[in-house]
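Rule-based calculations on the coordinates, nothing more; no lab input. In this text, all values refer to a predicted model and were calculated from it rather than measured experimentally. Heads up, the Cβs are rebuilt from the backbone with ideal geometry, glycines too, and the neighbour counts pull from every protein chain shown.
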Amino acid sequence: MTDLHNNARIGQQNINSTVYNQYLGREVRRFFNLPPHYPDVFIGREDDLPKIKELLFSDDNILLLVNGEGGIGKTTVAARYFHAYWEDYQHLAWVFVEESIIKALLNLAIALEVKFPQQASLEEQLGLLLTTLAQLDRPCLLVLDNANQRAELESYYPALRRCPNMHLLLTSRIADLPTAHSYSVQPLDETEAQQLFQKHYSLLTAEETQLLPAIFEAVGYNTLVIELMAKNLTNFNNVLEKRYTLHNLLADLREKGILHLSHSRAVLTNYHAGLQMQYAKAEDIIAAMYDLNDLTPTEQQLLTCFALLPAESIPYATLKTLITDIPELDQMLLRLTRSGWLDMDATNKDFKVSPVVQEVTLQKVENATKATEPLIEQLLTLLKYEFGTGHLLNATYEEGRLYARYGANVIDVLEEPSYALSVLTERVARYYNTVGNIALALTYFEAMLRNDQQLLTQAPENPTYKNGLAISYQYLGRTQSALGNLEDALTFYQQFNQLAQELQHDFSDNVEFKNLLAISYQCLGNTKSALGNLEDALTFYQQYNQLEQELHYDFPDHVESKNLLAISYQYLGETQIALGNLEGALAFYQQFNQLVQELHHDFPDRVDFKKCLATSYQYLGNTQSTLGNLEDALAFYQKDAQLSEELHHDFSDNVAFKKCLATSYQHLGRTQIALGNLEDALAFYQQFNQLAQELHHDFPDHVDFKE
């Protein structure tokens with residue numbers, strides 16, 4: 001190796017079309033290798049080039065990270081910089097980092113005619129190479145494209161600084177590197193993204209441009225993906241026929257994702273293409289942008305959690321609540337951020353993942369469902385309801401709104417059926433039902449049904465899966481009933497009843513399955529009653545009551561059976577009221593009240609028993625009022641109101657309890673009117689009105705509250 005130290009450059013020579021800089025004693029190529037491909041399309045990045053030049057030529061800044069997510073345009077910016085300012089540099093090299101940074105750098109040895117001792121290690125070879133580079137006249141430009149190996153960069157950064165004559169420009173997903181400056185390539189804005197899209201898809205119409213913002217949002221405004229989507233459309237469309245429209249593309253992105261388009265053909269691209277453009281399918285190029293093998297299993301697990309959550313900013317405090325099984329979560333998040341897998345807003349302390357990273361992660365991580373089981377279990381905990389109340393045990397209703405949306409996203413993403421996913425779907429649907437969003441509740445109860453059907457198909461003899469399917473029919477029946485679709489509700493309840501009968505027949509000693517069958521008769525009775533078929537309703541309620549009497553007799557200590565027996569008397573009372581048999585109704589309501597008094601006495605902390613007791617007093621009050629016994633009715637309504645006030649005081653954010661308290665004030669107002677106590681009536685009606693206003697304000701879509 002010829003020593004260039006202290007050898008001044010004395011001229012330049014063109015030998016066989018190759019430009020050499022001449023030093024005393026030898027010639028050194030000006031371009032160590034072929035320049036990068038010149039990007040013909042360069043939209044929205046024009047201002048980046050002078051800013052990068054200013055950073056590189058200021059002070060002693062020899063290394064600059066041009067960073068951003070995969071496909072955002074880092075390589076395009078670096079290539080245009082190379083071509084725009086090559087005359088400002090004495091020597092230039094463009095190196096693509098495929099496996100490791102050190103191996104990529106050592107490829108320059110051929111152009112520099114550096115020969116290494118036979119037994120020299122990689123580190124020793126790098127030292128010799130950098131010594132040679134350091135002797136060249138300044139400034140020189142060395143671009144390392146795709147330099148995503150953080151550990152290598154941190155390890156070799158001190159060695160790279162031994163070349164103060166070199167400007168090192170690294171395109172990388174790495175967000176920061178100690179002591180190195182960085183320049184972040186930002187996504188295109190909507191106007192620029194549209195210009196890029198139209199550049200590659202000239203058939204775009206004015207009407208179709210309205211769909212572009214949604215398409216850009218679905219792909220996270222990723223520059224490369226926008227280009228690939230546009231080129232792919234060009235493959236299928238021409239001035240005569242459009243076989244794959246923007247409407248089709250948007251539907252695919254929403255329903256199938258970037259990597260599973262219904263129409264896909266190879267497109268011409270220069271993404272990591274080397275000397276020649278290459279043809280490849282969009283999904284193959286996108287999948288190749290990210291290599292998860294560089295991540296530890298725990299990092300992959302955390303990234304998979306992000307892949308199941310919405311592609312939006314999520315505060316660190318929320319992530320700590322959702323992801324409880326990963327030790328040192330803060331350090332893990334920061335590592336993924338520094339490596340370019342996540343974006344972090346340091347001011348707000350929140351994190352975001354791009355839709356592209358989400359899809360690539362879900363495709364490459366084996367068994368994403370298993371990797372995110374702890375996340376699903378935590379969502380189940382946060383959306384857990386107290387039995388019989390509709391009260392969230394571990395979250396406020398406002399928090400529940402967020403967790404339900406996260407849970408819904410998990411359900412929408414995961415395709416493999418599982419029991420945990422079925423339970424999560426049920427809880428998400430119940431939340432939407434509780435807050436009055438019946439349409440969304442129906443959507444997720446239907447998703448629960450599909451999940452449970454698939455599970456039972458896979459294991460037809462599994463009683464847990466059959467029980468789950470029965471419950472999904474139950475919830476769908478309730479939802480259709482709430483929507484006023486009583487015939488549809490009846491169909492679902494009949495399917496519920498059929499499965500419950502099969503379970504009770506096969507497991508006759510199982511108390512829960514017998515209770516399930518009893519509840520199915522209750523649901524059938526409710527629907528028949530709503531349809532006006534009171535005799536059929538009475539028959540079903542009697543079957544319900546009979547089963548619960550048997551259970552209570554056989555298992556007197558089984559609390560839930562006693563509770564269901566009490567409720568069966570409630571429905572028998574309601575049916576007798578509808579049939580005009582007030583005395584019969586009163587007898588059933590008294591049995592209902594007696595049982596729930598016992599339950600509340602024995603289990604004073606059970607909120608559902610307290611609520612049930614309040615309801616029994618209300619029904620007794622209603623019956624006595626109809627019988628004309630206003631003083632007795634007033635006494636029962638007062639007990640109802642007292643219990644309802646306690647429940648609302650203890651659980652002020654519980655919607656059902658607030659509604660019950662409002663109803664109790666309504667009954668007290670009506671009774672005081674009938675008794676001629678107008679001032680008292682007015683006071684109760686004002687309280688009723690205040691609560692009704694609050695309910696309507698908090699849940700404007702809930703029809704009952706508006707009424």
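A few notes on this one:
- On the beta carbon distance between residue 83 and residue 278, with R0 = 25 Å, the FRET formula returns roughly 0.75.
- Mean projected area in nm² (Cα convex hull; one quarter of hull surface) for region 120-264: 12.4
- Estimated distance in nm for a label pair at residue 603 and residue 509, the labels positioned 7 Å out from Cα along Cα-to-Cβ: 2.4
- Region 568-707: C-alpha gyration tensor shape, a/c 1.5 cut-off, then a/b vs b/c: oblate
- Each Cα pair of region 236-328 feeds into the Kirkwood radius, which the Stokes-Einstein equation turns, at 20 °C and 1.002 mPa s, into a diffusion coefficient of 128 µm²/s.
- For the chain, alpha-carbon Rg over 2.2 N^0.38 Å: 1.33
- With an a/c value of 1.5 or above and a/b not larger than b/c for the gyration tensor axes a ≥ b ≥ c computed over the alpha-carbon atoms, region 373-502 is described as oblate.
- Förster-model FRET efficiency, 30 Å R0, residue 629 and residue 683, C-beta, rounded to 0.05: 0.85
- Computed across region 426-497, the Kirkwood radius stands at 12.1 Å (inverse of mean 1/r, all Cα pairs).
- Here is how the number arises for the chain: DSSP H runs of 4 or more residues each give -39500 (n - 2.57), the sum is divided by the residue count, and the result at 222 nm is -19000 deg cm²/dmol.
- Taking amide H positions as modeled 1.01 Å from N, with prolines and chain starts lacking one, the residues under 5 Å from residue 184 and 5 or more places away or on another chain are 67.
- The HN-Hα couplings worked out from phi for region 420-426 by the Karplus form 6.51 cos²θ - 1.76 cosθ + 1.60 (θ = phi - 60°) are 4, 5, 5, 5, 4, 4, 4 Hz, whole numbers, x standing for Gly and Pro.
- Inter-part distance where region 512-526 and region 534-600 are each reduced to a Cα centre, Å: 12
- Each peptide in 428-435, 45-52 receives the mean, over its residues, of other Cβ atoms within 10 Å, and ordering these scores from highest gives 428-435, 45-52.
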